[in-house]
Amino acid sequence: MNVRRAVIALALLLAGSAGAQSLSLTFDDGLNPDKEPQARAWNSQLLEHLRRADIKAMVFPALARTGDGAGRALIADWAAAGHAVGNHTSRHRSLGSQKVALEAFIEDVQEADAAFNALPTWQRRLRFPFLKEGDTVDKRDGMRAWMYDHGYESAPVSIDTSDWYYNDVFLTLSKAGGQDAKLEVLRAHYIRHLLDRAAYYDKLALQVTGKRPMHVMLLHVNAINATWLPQVVEAFKGQGWAIISPRKAFTDPLYATPPDTLPAGESIVWALAKATGVTGLRYPAEDGDYEAPALRALGLPAD
Ligand SMILES: [Zn+2]
């Protein structure tokens, strides 16, 4: 290769990387083997998929979801596999609820911290339950001040999804048995949903900030991801997405920008769009209600 060709090749490579889409995977809640017999299997399947795809993710366990025994131990498996562990509170209550005072919410954060902070990959990053960051200025800013004082950073998502809702439909079909054809339909639709939400928030981020951030996508430790994560990853890569670690993604300045919205929360891209006067945003940003009609039209059990 002559010098001129090498320069052109390098320029093309740089142009490609500058416009590349990248996202990281985060998994909320965790599973409780004392309540769900398949919890251990799903947890280990998910970890095996991540290992084979050479992906480092981050898990945000809530004690209300893991329980205090076997489910906590499943989170230790994530840490042992090198995935970061963050805080999703103990009781999984919404700071956006009038019934949850700031002091009570802080106790929830402290309880989860005490339960998981001995894990080797523990990070002081808070993923707010339901992505709700306060229904009043006092609660929102009070929590931000507490986090600052205690060396905590927020763990917003840029790409919000309704994987939990698709998981409900997946479990209904799986438990019914003999639903392979419908499961295939659901799989295609689930992957399309994730790709669609990623494209939507990527475009919105470009519109609001003028650039494509390193994304953080919201998923959950659940059966649907334990089953179909390889196909999900393959689909994203097929559309030009690179999968990066949350540790890297969170270095994007996007995540250090606290949006001035009330009620506070949702995807940080959504919140920044709201704060800068973008119209036509739906609230909540994501919900099963938005997904149900299309799934029902396909003959799937979407309540
Ligand atoms: Zn959660």
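Things worth noting here:
- Label-point separation in nm, GLU184 to ILE55, each point 7 Å along Cα→Cβ: 2.4 nm
- Using only the C-alpha atoms, the convex hull of the range 226-303 corresponds to 171 Å³ per residue.
- Using the Cβ-Cβ distance between ASP260 and GLN239 with R0 set to 41 Å, the FRET efficiency works out to roughly 0.80.
- In order along the range 260-271, phi translates into HN-Hα couplings of 9, 10, 9, x, 7, x, 6, 4, 5, 5, 4, 5 Hz, rounded to whole numbers, per the Karplus curve 6.51 cos²θ - 1.76 cosθ + 1.60 with θ = phi - 60° and x for Gly and Pro.
- Local net charge near ARG140, Cβ-Cβ under 12 Å (Lys/Arg +1, Asp/Glu -1): -2
- Where labels lie 7 Å past Cα in the beta-carbon direction, separation of ARG40 and THR136 in nm: 4.7 nm
- The accessible surface of the chain, taken with every protein chain in place and a 1.4 Å probe, is 54 percent carbon and sulfur.
- Spatially close Lys pairs in the range 20-297, defined by Cα atoms under 29 Å apart and a spacing of eight or more places or different chains, total 28.
- Calculated from backbone phi, Karplus (6.51, -1.76, 1.60) coupling profile of the range 176-186 in Hz, x at Gly/Pro: 5, x, x, 10, 4, 5, 5, 5, 5, 4, 4
- Contact order relative to length of the chain, as percent, for alpha carbon pairs under 8 angstrom and 6 or more apart: 25 percent
- Placing unit charges on the Cβ atoms of the charged side chains and taking the dipole of the range 20-297 about its Cα centre, the candidate lying farthest along the positive direction among VAL278, PHE116, LEU31 is VAL278.
- Using the 1.4 Å probe convention, the accessible area of the chain works out to 47 Å² per residue with neighbouring protein chains retained.
- Our helix-only sum for the chain, with -39,500 (n - 2.57) per DSSP H run of n ≥ 4 divided by its residues, gives a mean residue ellipticity at 222 nm of -16000 deg cm²/dmol.
- Extension gain, ALA199-ASP68: 0.36 nm per intervening residue step, less the Cα-Cα distance, totals 43.4 nm.
- Shape of the range 20-297, Cα gyration tensor, a/c cut at 1.5: rounded
- Taking θ as phi - 60° and the Karplus parameters 6.51, -1.76 and 1.60, the scalar couplings of the range 36-52 work out to 10, x, 8, 4, 4, 5, 4, 4, 6, 4, 4, 5, 5, 4, 5, 5, 5 Hz in sequence order, x denoting glycine and proline.
The values are calculated or read from the model by the stated rules, or taken from the named source; none is laboratory data. Please read all numbers here as calculations on a predicted model, not as lab measurements. Virtual Cβ from ideal backbone geometry, glycine too; neighbours counted across all protein chains shown. Accessible surface is based on the protein model in full, side chains and every heavy atom, while ligands, DNA and RNA are left aside. Shrake-Rupley method; radii C 1.70, N 1.55, O 1.52, S 1.80 Å.
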